[in-house]
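Everything on this sheet refers to the single structure shown next.
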Amino acid sequence: QYIAADIASGFILLFERPIRIGDRITIGEDEGDVQSINLRTTVVSTNDRISIIVPNSRLVSQRVINWSYGDPRARISIPVGVAYHTDVDLVTETLVLAAEGVENVLMDPAPKVQFLKFGDYSLDFRLLVWTRQPRRHPQIKSDINYRIEKLFRERGIKIPYPVQDLRLTGFSLPGDSNADELIADDREK
């Protein structure tokens, strides 16, 4: 039954061609370039030069991202959170500047910044850039993140971290008479 499903899926892949040899795809946690499409399986080669043999039924029945399908451009999204007191115009300007001059980032369409939400600990933004090299998106993200960190440091923009307050009541140290008075005051309130 599984073999028949794989073969039927192989015919779909070979005739409809949603995936072609050389395409960059992501299926689940795996990402790589399609090396061959056979009747039962498709071979995908990762950046680490590991060959993944994927049953064709998985390519037809599961969600597959084809980075090379249709338009050769791909959009890359880079989320960034900043401290609440930060000037949002400065953040926007800095993120756009971080994308300029990075190899394989297109200037048309231009990089764009979106203010997503007021998060629990941060103001959440997203930098959107376009590339014609979707195979290189992990490196492009890395290059931009290096630039963001450098520019944020130079401009005094802080990336927050979660802060939690721990409040202890009814606790005193031996010999701490002041703590007994504080506890008594709390009980009166």
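The values are calculated or read from the model by the stated rules, or taken from the named source; none is laboratory data. Since the structure is predicted, the reported quantities are computational estimates derived from the model, not experimental observations. A quick note on method: Cβ atoms are made from the backbone with ideal geometry, for glycine too, and the neighbour counts reach across all protein chains shown. In case anyone asks, the SASA skips ligands and DNA or RNA and just uses the protein heavy atoms, side chains included. Shrake-Rupley method; radii C 1.70, N 1.55, O 1.52, S 1.80 Å.
Check whether at least one residue in region 45-53 is in contact with a Gly (Cβ under 6 Å, 6 or more places away or on another chain) and open to solvent by less than 40 Å² (accessible area, probe 1.4 Å), and report yes or no.
The answer is yes; a qualifying residue exists.
Consider Glu103 against the criteria (1) outside any strand (DSSP E or B); (2) touching a strand residue (DSSP E or B) at 6+ places or on another chain (Cβ under 6 Å); (3) closer than 20 Å to Val129 by Cα; (4) open to solvent by 40 Å² or more (accessible area, probe 1.4 Å): it satisfies all of them except one. Which criterion is unmet?
Only one criterion is unmet by Glu103, namely (2).
Quick check on my filter: what residues within region 64-94 are modelled with pLDDT of 90 or more, part of a loop (DSSP other than H, G, I, E, B), open to solvent by 60 Å² or more (accessible area, probe 1.4 Å) and out of contact with any Pro (no Cβ under 8 Å at 6 or more places or on another chain)?
Scanning region 64-94 gives His85, Asp87.
When you look at Asn56, is it modelled with pLDDT of 85 or more, touching a helix residue (DSSP H, G or I) at 6+ places or on another chain (Cβ under 6 Å) and among the polar types (S, T, N, Q), yes or no?
Answer is yes for this residue.
Would you confirm, using the coordinates I've provided, whether Ala5 is in contact with a helix residue (DSSP H, G or I) (Cβ under 8 Å, 6 or more places away or on another chain), open to solvent by 30 Å² or more (accessible area, probe 1.4 Å) and free of Cβ contacts under 8 Å to residues at least 60 places away in the same chain?
In short, yes.
Go through Lys112, Lys117 for me and flag whichever is without any contact (Cβ under 8 Å) to a residue 12 or more places away in the chain, touching a strand residue (DSSP E or B) at 6+ places or on another chain (Cβ under 8 Å) and more than 19 Å from Gly10 (Cβ to Cβ).
After ruling out the rest, the residue left standing is Lys117.
Output yes when any residue across region 12-21 is modelled with pLDDT under 90, β-branched (Val, Ile, Thr), in a loop (DSSP other than H, G, I, E, B) and in contact with a helix residue (DSSP H, G or I) (Cβ under 8 Å, 6 or more places away or on another chain), and no when none is. Can you show your working first?
Just the residues of region 12-21 that are modelled with pLDDT under 90, to begin with: 12-21.
Subset that is β-branched (Val, Ile, Thr): 12, 19, 21.
If we keep only those that are in a loop (DSSP other than H, G, I, E, B) as well, we get 19, 21.
Next, from what is left, pick out any that are in contact with a helix residue (DSSP H, G or I) (Cβ under 8 Å, 6 or more places away or on another chain): 19.
Yes, because at least one residue in region 12-21 is modelled with pLDDT under 90, β-branched (Val, Ile, Thr), in a loop (DSSP other than H, G, I, E, B) and in contact with a helix residue (DSSP H, G or I) (Cβ under 8 Å, 6 or more places away or on another chain).
What do you reckon, is Ala98 outside any helix (DSSP H, G or I) and either modelled with pLDDT under 90 or of a type outside the set (Val, Ile, Thr) (or both)?
For Ala98, the condition - outside any helix (DSSP H, G or I) and either modelled with pLDDT under 90 or of a type outside the set (Val, Ile, Thr) (or both) - is not met.
Asp143 - would you say it is assigned to a helix (DSSP H, G or I), in contact (Cβ under 8 Å) with a residue 24 or more places away in the chain and over 11 Å from Val80 (Cα atoms)?
Answer is yes for this residue.
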